[in-house]
Amino acid sequence: MRFALNHITTPKLPLPEFFALARGLGITEVEIRNDLPDVLGAWKAGDVKAEAAKAGVTIISINALYPFNDWTGDLPERAVAMADYAKAAGAKALVMCPRNDGTKIGHDRLVEALTAMKPILDERGLTGLVEPLGFPVSSMRTKAEAVTAIREAGGEGTYKLVHDTFHHHLAGETEFFPEMTGLVHISGVTNPAVAVADMLDAHRVLVDGADRLGNLPQVRELLALGYEGPFSFEPFATEVHELADPEAAVRASMDHVGASLTAAA
């Protein structure tokens, strides 16, 4: 399996140090973000591209265009600006997340947004990585819903899914779409006291033996079904962000996942 690294794993590290951390782990695929830290607001796209080339890493995505399924207000302009930045930075894709505040966004509007976004991505040679969010307040919780909308928008050649192990578990989804999946986000929840319905990004840590999300069965299933893309670490918990030695912690998680897969083979 191929591991990748999302900058949210070490958000306090400047971009060059984050790239160097990834390479130190033997990881050559990374995700940069427009929230923590706000790369789009702090870095020129050409400089990001140069730093990635210097470090020998590929930027597989910028995370994330939000809320992509509410195609109103300034979203179309932000989408164009983000796509332009992604192309200039050498990124391969944009992660696209749905509105996640309890607002209902109907299926027709989801299809409308995917239809509108398609030429923006196509003209720049980018993939749209559609990521359902499994939270109860999310306006698009399942991959099945996303796949239906992608097909209705004629977007099979433009869009892929993000299979996030955390959101897959929260949504109670059992179906996998390996042929439609372009990226997998992996993170664990180990807190035994929090109910599934109450799990938040703040609970997401690196995957270890105490994981409650079934990361390893999900990874095994995706690989068995033919998924060949990257598995990107995406832990949001403060305790991960404040680790004194994040490289050692990520390596331990990589070793745990790898050993578990080998044992099950």
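Just so it is clear, none of the values below were taken in a lab; they were calculated from the coordinates. All of these numbers come straight from a predicted model, not from anything done at the bench. Cβ sites come from the backbone with ideal geometry, for glycine too, and all protein chains shown count toward neighbours.
Structure above, values below:
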{"quantity": "Selected residue (criterion: nearest to the chain's Cα centre (by Cα)) from residues of segment 146-175 that are within 26 Å of Pro235 (Cβ to Cβ) and charged (D, E, K, R)", "calculated": "Asp164"}
{"quantity": "Some residue of segment 182-202 being among the acidic types (Asp, Glu) and part of a loop (DSSP other than H, G, I, E, B)", "calculated": "no"}
{"quantity": "Total residues in segment 221-259, condition buried (at least 17 other Cβ atoms within 10 Å of the Cβ) and of a type in the set (Gly, Ala, Ser)", "calculated": "5"}
{"quantity": "Extreme residue, farthest from Ile62 (Cα to Cα), among residues of segment 129-169 that are part of a helix (DSSP H, G or I) and touching a Pro at 6+ places or on another chain (Cβ under 8 Å)", "calculated": "Glu145"}
{"quantity": "Residues that are in a loop (DSSP other than H, G, I, E, B) and over 19 Å from Ala64 (Cα atoms), drawn from segment 1-12", "calculated": "Met1"}
{"quantity": "Matching residues, segment 63-112, being hydroxyl-bearing (Ser, Thr, Tyr) and part of a loop (DSSP other than H, G, I, E, B)", "calculated": "Tyr66, Thr72, Thr103"}
{"quantity": "Members of segment 85-125 found to be loosely packed, with under 14 Cβ neighbours inside 10 Å and either closer than 17 Å to Gly157 by Cα or of a type in the set (D, E, K, R) (or both), listed by number", "calculated": "Asp101, Lys104, Asp108, Pro119, Glu123, Gly125"}
{"quantity": "Of all residues making up segment 207-247, the number that are closer than 22 Å to Thr174 by Cα, of a type in the set (A, V, I, L, M, F, W, C) and not in a helix (DSSP H, G or I)", "calculated": "6"}
